[in-house]
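**Student:** Can you keep this structure in mind? I'll have questions shortly.
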Amino acid sequence: MTVLPRVLAGVPATGAASLGDHVAAYGPRPVLDAHARRELVATVEQAGLRGRGGAGFPAAVKMYAVLRSGGEPIVVANGAEGEPASAKDRLLLAAVPHLVLDGAALAAEAIGAREAIVVVPDEDEIIDAVRAAIAERATARIDRVGLQVAAAPAATYLVGQETALIQYLAGGPAVPTASLHRPTERGLRRRPTLVQNVETLAHLALLARHGAGWFRLVGTAEEPGSALVTVSGDVAAPGVYEIALGTSAAAVIASAGGDVRRCRAVLMGGYFGAWIDRRLAAGLAVDDHDLRRHGAMLGTGVMVVLGTEACPVAETSRVVRYLADQSAGQCGPCSNGLPAISDAIDRLAGGIPYQGVGEDLERWCRIVRHRGACRHPDGVATFVSSALSVFAAEFADHARSGRCDACAAPPVLPIPHAVGAR
Ligand SMILES: Cc1cc2nc3c(=O)[nH]c(=O)nc-3n(C[C@H](O)[C@H](O)[C@H](O)COP(=O)(O)O)c2cc1C
Ligand code: SF4
């Protein structure tokens, strides 16, 4: 299996793949003896697998950290998918739950955990698919670890942040916590906790079958493998695509029926990501090496193509209001900075001219960075700064003359129902 799709190879036309379908598509789950358990972490390291939940952190580094911590570890498979423009984790959980469960069980065995909790959005179709898959596996007795499912509140941006998730699973509120200890040292129930995105675990499940060399057959030397991207906006066929890392953004957008040359800009990486001007996007590769040069990251793999009929100021104002409302308000940048940033952009989007708004916003973005207990304010600042730079003309126009004709266009960037706008 050297070509794509890899993780999406077993996605059925409708519903969830049964255990039989899963084995037919991907092959059986490897059985690990003591030697193979140790080897699996080394294989993940050699493969260069990085997390697909947002930060792109090397999976093996976290696995080694848990192994070093001693004690009785636990695995949390993070499928909360709080990013509104992302659909990849829901697709994996709803369509190929056994692949995620293989990954969770194999990761647990590799680090000596006896338990793995799969966190899913609180949506019936997904909960049912994962529960049914766990029941099938229990009947077939294919796992040595206990697998459980836990529902996280849907349409909530912060719940997927790892400390928020751990606190929520422990019965507390779904807001990030500041702790002296990393989850890999002391997390859920004070045990070393491996929190890994469900897509990361799906790749791990295939790596355990085919090895590091196979994993590296696609992607780049620095960023090997494939990744799931959710393409939406001004494209004919929005959806989740599996791409080799390093594929050109123009080709990914074209495969979704869009044309990067005709759009206004592309949002890369999600609501913590960055807008990229269409001229730059046309020559961009989808990997962190290239994206970082433009202040963006692969993040959750979100790519939103903004067409020329949309108003970037109105789009930015809706997303920033949503993100500001989602903050837990526990730290200064979230209780003071994000509301101020959001109010200023709302003012422009509402047609109230505001001279000097660019300088105010840039200053506030600088102030909120690195000051919160989690990266929420940093993500908002990255999103806003990129909007100010890519849409400088549109922001200046709104600051001078108020609303534009495109302000009334339907929203492109999705905002979950819980807070209104869609
Ligand atoms: C505000 C915020 C929200 C996040 N939401 C998610 C999420 O919904 N799903 C996810 O897998 N990771 C999310 N993350 C990243 C997690 O904290 C964590 O890094 C990730 O689950 C680790 O898995 P990975 O290394 O496999 O990517 C979020 C991070 C932040 C700062
Ligand atoms: S920075 Fe914001 S979102 Fe993060 S913990 Fe503090 S208040 Fe909560």
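The values are calculated or read from the model by the stated rules, or taken from the named source; none is laboratory data. Everything numeric here is computed off the predicted structure, so don't read it as measured data. Because the Cβ atoms are built from the backbone with ideal geometry, glycine has one as well, and the counts that use them run over all protein chains shown. Side chains included, ligands, DNA and RNA excluded: accessible areas come from the protein's heavy atoms. Shrake-Rupley method; radii C 1.70, N 1.55, O 1.52, S 1.80 Å.
**Student:** Of all the strands (runs of 3 or more DSSP E) wholly in region 164-269, which have at least 1 residues that are open to solvent by 10 Å² or more (accessible area, probe 1.4 Å)?
**Tutor:** Qualifying strands (runs of 3 or more DSSP E): 193-197, 226-233, 239-244.
**Student:** Just need a number here: residues in region 380-392 that are within 12 Å of A265 (Cβ to Cβ) and open to solvent by 20 Å² or more (accessible area, probe 1.4 Å).
**Tutor:** The qualifying residues number 3.
**Student:** Pairs please, first residue from region 356-382 and touching a residue at least 12 places away in the same chain (Cβ under 8 Å) and among the hydroxyl-bearing types (S, T, Y), second anywhere and more than 16 Å from ligand 1 (Cβ to nearest atom) and open to solvent by 30 Å² or more (accessible area, probe 1.4 Å), Cβ atoms under 9 Å, 6+ apart in sequence or on different chains.
**Tutor:** T382/G295
**Student:** In this structure, is I415 open to solvent by 40 Å² or more (accessible area, probe 1.4 Å) and β-branched (V, I, T)?
**Tutor:** No, not satisfied.
**Student:** Still on this structure, please answer the following. Got a number for residues in region 317-362 being surrounded by 19 or more Cβ atoms within 10 Å (Cβ to Cβ) and under 25 Å from A164 (Cβ atoms)?
**Tutor:** 17
**Student:** Looking only at region 27-70, which residues are more than 20 Å from the chain's Cα centre (by Cα) and part of a loop (DSSP other than H, G, I, E, B)?
**Tutor:** G27, P28, R29, P30, V31, L32, D33, G70
**Student:** If you don't mind, another one. Can you name the number of the only condition in (1) more than 16 Å from ligand 2 (Cβ to nearest atom); (2) modelled with pLDDT of 95 or more that G420 fails?
**Tutor:** So G420 meets the others, but not (2).
**Student:** Moving on. Surrounded by fewer than 24 Cβ atoms within 10 Å (Cβ to Cβ), touching a Cys at 6+ places or on another chain (Cβ under 8 Å) and under 22 Å from D234 (Cα atoms): which single residue out of L291, L280, L306 fits that description?
**Tutor:** L306
**Student:** Listed residues A310, A256; which is within 25 Å of P411 (Cα to Cα), of a type in the set (G, A, S), under 20 Å from the mean Cα position of the chain (by Cα) and at pLDDT 95 or above?
**Tutor:** A256
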